[in-house]
Each structure stands twice: as structure tokens, then as C-alpha cells.
Amino acid sequence: MAEDRGTFDLPEASNRERLEQEKKIKEYELKKKAATVVVPTDDGRVRQMLRQLNEPITLFGEREMERRERLRRLLAQQAVELDEAPAVGQLVVETVATIQKEKFYTEGPEELAKARGEIAQWSLHRAAA
């Protein structure tokens, strides 16, 4: 009779093991994908991305790094499900790229600029000697 069908049914234990194996492979792919996902370090941008994904901005007891890792995990899950980078993630990566072109420092008083110039001149003179 089994020859007529050409296939054999697996026992329940084998099916469970196969499902567990598939689950572990998916977890591994998710971790692998999460390592390649680019997320901003600025907490404001991370919160903005979480809003775009309709996710809670902050979970109870969650700090900045945990929030960033949760965003990384969510983007990786979307990427694995869609087998490509999610549109929201692409938007954010483009936003981060433009942000990096902006000034990332606060201008100080004129005395500070003058002191730094004097230190640079002293350092260059000393390095030349």
C-alpha cells in the first residue's frame, strides 16, 4: 500500500524535531540579518522609527540601548519576512545618511576657538622640531 502512494508519513516525533530545526534556522537567519541592519544611535531617531513601525516607543524598564536593539530586531524580522530591506528601514537609512552630513558639534565661544588655534600652532611647531 505504501508503494502505491510513493511517500511515507513521518512519526509525530520527527515532525516535532523538523519544526524545531526550522525554528532554530529562522532564529539564526534573524540574528545574522540583525547584525547587518543599520540603525541610528540617536535615541530620538530610534523612537521616530519605532513610531513609523507602529511599535511602542518604550517598553517598561527599557533603556536606550535596549530600545535600539529592539528596533534592530524588528527591522531584521521585516527583512527576513520580506526577503529584502523594509521600506521604513530604507527611509531611515537615507535619513541617517543625510544626518551625518550635518554639524554634530556645538559651537563654543570665540576664546575657545582662539585657545584651540594656539594649541594647534604650538603642536605643529613642536612636531616640526
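Throughout, read-outs are computed from the coordinates displayed, never taken from laboratory work. Keep in mind that this is a model prediction, so the values were computed, not measured. Because the Cβ atoms are built from the backbone with ideal geometry, glycine has one as well, and the counts that use them run over all protein chains shown.
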Next on the checklist: What distance in nm lies between label points placed 7 Å from Cα along the C-beta direction at PHE60 and GLU118?
Outcome noted: 5.7
Checklist entry - Based on the mean of other beta carbon atoms within 10 Å per residue, what is the order of 34-43, 11-20, most packed first? => result 34-43, 11-20
